[in-house]
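No value in this document is a laboratory result; all are computed from the given coordinates. Nothing here was measured: the structure is a model prediction, and the numbers come from that model. Because the Cβ atoms are built from the backbone with ideal geometry, glycine has one as well, and the counts that use them run over all protein chains shown.
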Amino acid sequence: MVNTIDFSEKKSSLERGASVKEILEENLEASNNYTSVLVVSLDKDGEINLGYSWESSLQALGMLEVAKNYILNVIN
């Protein structure tokens, strides 16, 4: 059996603490405990993609605000 390494995933993991794939896999495993989810992604063409799993856009905005505050606290 040959074990292949995706160097771009490994590089992302080392630089950012986790690669895109690792974050998605971890959240997929935990998804049975989620009541809602919000995903914001940036593709290779520079386009931002958004998806959320509930009907209220206000809840999505609230979750984005929580994420923004978390990131601001981490970088300060």
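State log₁₀ I(q)/I(0) for region 7-75 at q = 0.14, 0.17, 0.18, 0.25 Å⁻¹ as given by the Debye formula over alpha-carbon point scatterers of equal weight, solvent excluded. Per q value, in the given order, log10 I(q)/I(0) is -0.56, -0.83, -0.93, -1.34. Residue by residue, region 51-56 carries 3J(HN,Hα) couplings of x, 8, 10, 9, 8, 8 Hz when phi is fed to the Karplus relation 6.51 cos²θ - 1.76 cosθ + 1.60 (θ = phi - 60°); x denotes Gly or Pro.
Of Leu28, Ile48, Tyr70, whose Cα points farthest to the positive end of the dipole of region 7-75 (charges on the beta-carbon: +1 Lys, Arg; -1 Asp, Glu; origin at the Cα centre)? Of the listed residues, the answer is Tyr70.
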